[in-house]
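The values are calculated or read from the model by the stated rules, or taken from the named source; none is laboratory data. The shown structure was predicted, so the numbers you read here are calculated from the model rather than taken from an experiment. Because the Cβ atoms are built from the backbone with ideal geometry, glycine has one as well, and the counts that use them run over all protein chains shown. When the accessible area is computed, the model is the full protein with side chains, heavy atoms only, and any ligands, DNA or RNA have been set aside. Shrake-Rupley method; radii C 1.70, N 1.55, O 1.52, S 1.80 Å.
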Amino acid sequence: MIRAAVIGWPVSHSRSPLIHGHWLTTLDIDGDYRRVAVEPERADAFFARFAESGLAGGNVTIPYKEIAARAAHHREPVVERIGAANTLWIENGVLCADNTDGIGFLANLDERAPGWDRASGEALVLGAGGAAAAVVDALVERGFMVRIVNRTLSRAEALAGRYPGRASADVLSATNRYAATAGFLVNTTSLGMKGEGTIDLDMTVVPAGSVVTDIVYVPLVTPFLAAAAARGLPIVDGLGMLLHQAVPGFTRWFGHRPTVTPELRELIEADL
Ligand code: ATR
């Protein structure tokens with residue numbers, strides 16, 4: 001039996017076991033995927049000894065994406081660029097790390113809004129945290145000029161600074177200035193999640209046809225997306241990013257490439 005897990009603290013909220021469990025069942029694979037909660041004081045030792053844990057690999061969630069990246073002996077180029085890993089596996093006895101958040105982000109858009117990147121002009125990214133790092137990296141790879149706006153300017157500057165000439169930084173209050181020329185918009189902040197505040201963005205200035213997405217998926221249609229939809233802009237919710245980022249890990253651990261089907265989406269939606 002091949003074993004994998006999602007590792008975090010806390011980890012009880014993770015939907016990854018539902019996703020991988022669904023694939024294990026539908027593909028009839030003798031595997032196991034579970035949650036592993038690792039206390040912060042044990043984290044360094046846990047990742048240092050991952051190769052002896054009995055796990056073939058796993059997903060890493062908050063707050064261990066950076067620790068996992070550092071602990072790995074082999075890092076995919078994207079992990080080197082953003083300093084965070086969400087997917088681990090053992091190869092030749094050593095720990096290897098990838099970050100599939102960017103792949104999941106792009107695959108979700110490619111699936112739900114084909115042609116979303118046609119213009120590949122300016123992309124507006126709200127937020128500069130861990131999630132934004134993967135999103136910005138993916139957008140630069142797709143050829144966008146990325147405008148990053150964030151409450152804390154220094155964080156936006158640090159992120160934009162990794163992509164000279166391809167990304168710029170400004171304060172969150174400057175959002176409307178960039179919205180007028182944005183061919184694509186994404187919210188990576190926790191604003192708009194249940195119980196959080198809202199985003200001050202005038203959707204009327206956004207060019208017609210620009211795709212708007214959110215990486216938050218609880219609620220599925222965030223206030224950010226609802227405002228965009230009310231203006232007739234095409235929207236893509238963030239749930240598909242979660243589903244698509246899981247594909248490369250499953251493929252590595254269990255040896256079969258799974259598919260993101262409408263049934264899987266319905267299963268996870270019912271659990272939100
Ligand atoms: P994640 O890994 O999910 O991206 P994070 O690294 O804590 O989490 O980043 C959260 C993002 O939401 C940041 O861009 C944060 O802005 P700051 O860098 O200024 O903290 C943004 N954010 C969270 N709460 C916010 C609020 N009340 N107003 C504006 N931005 C907020």
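Hey, Val136 hits all of (1) open to solvent by less than 20 Å² (accessible area, probe 1.4 Å); (2) touching an Asp or Glu at 6+ places or on another chain (Cβ under 8 Å) but one; which does it fall short on? Unmet condition: (2). Evaluating Leu272 against the criteria (1) in contact with a helix residue (DSSP H, G or I) (Cβ under 9 Å, 6 or more places away or on another chain); (2) assigned to a helix (DSSP H, G or I); (3) touching a residue at least 40 places away in the same chain (Cβ under 8 Å); (4) farther than 25 Å from Gly57 by Cα leaves one unmet condition, (2). Selection over segment 111-133 of residues that are open to solvent by less than 60 Å² (accessible area, probe 1.4 Å) and more than 9 Å from the ligand (Cβ to nearest atom) gives a count of 10. Figure legend. Inter-residue proximity from segment 229-245: first residues on the phi < 0 side of the Ramachandran plot and open to solvent by 10 Å² or more (accessible area, probe 1.4 Å), second residues among the β-branched types (Val, Ile, Thr) and in a helix (DSSP H, G or I), beta-carbon distance below 8 Å, spacing 6+ or different chains. Indicated pairs: Arg231/Thr204; Leu242/Ile19; Leu242/Ile268; His244/Ile103; Gln245/Ile103.
Could you tell me whether any residue of segment 41-57 is closer than 30 Å to Ala270 by Cα and surrounded by fewer than 14 Cβ atoms within 10 Å (Cβ to Cβ)? Within segment 41-57 (the criterion being closer than 30 Å to Ala270 by Cα and surrounded by fewer than 14 Cβ atoms within 10 Å (Cβ to Cβ)), the answer is no, since none of the residues qualifies. Do you know which of the residues in segment 188-204 that are more than 11 Å from the ligand (Cβ to nearest atom) and surrounded by 15 or more Cβ atoms within 10 Å (Cβ to Cβ) is modelled with the highest pLDDT? Per the stated criteria, the residue is Met203. In segment 150-162, the residues that are closer than 20 Å to Asn176 by Cβ form Cβ pairs under 7 Å with partners that are within 8 Å of the ligand (Cβ to nearest atom) and assigned to a helix (DSSP H, G or I), at six or more places apart or across chains, as follows: Asn150/Ala156; Asn150/Leu172; Arg151/Leu172. Note on segment 166-187: residues that are among the β-branched types (Val, Ile, Thr) and either open to solvent by 20 Å² or more (accessible area, probe 1.4 Å) or under 13 Å from Met145 (Cβ atoms) (or both) total 2.
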